[in-house]
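The values are calculated or read from the model by the stated rules, or taken from the named source; none is laboratory data. The shown structure was predicted, so the numbers you read here are calculated from the model rather than taken from an experiment. Here the Cβ positions follow ideal geometry from the backbone for every residue, glycine too, while neighbour counts run over all protein chains shown.
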Amino acid sequence: MGRRDISICTIGGTGHGKSTLVHAILESLKPGAYDNYNRGVVSTSNYDFKTAAKKYRIHDIPATYVARSFCNSPRYYGAVLVVSSVEGVTPEVRKHVQLARWFGIPTLVPFLNKCDLIDQSSNLLQAKREIRTLLYLNGYRVFDLPISHGSAIECLKHENSGWEGIQSLLDTLDRTIFSPYA
């Protein structure tokens, strides 16, 4: 029997770059294959991708549809928590993490996006601290979980600075997302 897709989703605040991050992931794995990706369209979209270790189906969920998506979708084995490094942990992000816990999503993998727009030293550490605190307060594993960071838009512009963050995120997904199919 072949490997089945592991369903994951994106959660995070409006404008934090969830759709851009999904596009950057897809572009990093198969350049040019997703040029028809619709940016700015508010709808739930599903995309398949493979890493060296696993095969995923990622559901790109608009921020306003998170609760509805959790109710009406197949079981998610994890979620990518996208947080803008400019805005940090907003009330909307807090709500999404609470909903993820309530609906039984076992693992959240954080990605700190838009790092090209901040002073990388102190602001990055502060944002990571906020994310770890939020995850801890909601019962998620935090101490050995890396928080990947980068700029999804820089990846799509084919800038060298963004690809390391995407690769770090994919490695973290492979190490932390488990399903009966993997």
The range 72-125, residues that are within 18 Å of Ser151 (Cβ to Cβ), among the polar types (S, T, N, Q) and in contact (Cβ under 8 Å) with a residue 60 or more places away in the chain
Ser84, Ser85, Asn113
Return the residue satisfying two criteria in turn: it lies in the range 121-165 and is of a type in the set (Val, Ile, Thr) and touching a strand residue (DSSP E or B) at 6+ places or on another chain (Cβ under 8 Å), and of such residues it is nearest to Phe49 (Cα to Cα).
Ile147
Failed criterion for Gly17 (all others in (1) crowded, with 19+ Cβ neighbours inside 10 Å; (2) of a type outside the set (Val, Ile, Thr); (3) modelled with pLDDT of 90 or more; (4) more than 23 Å from His96 (Cβ to Cβ) hold):
(4)
Return the total of residues in the range 102-125 being of a type outside the set (A, V, I, L, M, F, W, C), in a loop (DSSP other than H, G, I, E, B) and modelled with pLDDT under 85.
3
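Yes/no matrix, rows are residues, columns are (1) touching a His at 6+ places or on another chain (Cβ under 6 Å); (2) on the phi > 0 side of the Ramachandran plot; (3) modelled with pLDDT of 90 or more:
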residue: Arg3; (1), (2), (3): no, no, no
residue: Ile6; (1), (2), (3): no, no, yes
residue: Gly12; (1), (2), (3): no, yes, yes
residue: Leu29; (1), (2), (3): no, no, no
residue: Tyr37; (1), (2), (3): yes, no, no
residue: Ser43; (1), (2), (3): no, no, no
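Condition test on Ile131, is it within 15 Å of His16 (Cβ to Cβ), part of a helix (DSSP H, G or I) and either in contact with a Lys or Arg (Cβ under 9 Å, 6 or more places away or on another chain) or of a type in the set (Ser, Thr, Tyr) (or both)?
Taking the combined requirement at face value, the residue does not satisfy it.
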Testing Ala24 on (1) within 24 Å of Gly104 (Cβ to Cβ); (2) surrounded by 15 or more Cβ atoms within 10 Å (Cβ to Cβ); (3) aliphatic (A, V, I, L, M); (4) at pLDDT 80 or above, one condition comes back false. Which one is that?
(1)
Can you name every residue in the range 54-72 that is over 15 Å from the mean Cα position of the chain (by Cα) and either buried (at least 16 other Cβ atoms within 10 Å of the Cβ) or at pLDDT 90 or above (or both)?
Lys54, Lys55, Ser69, Phe70
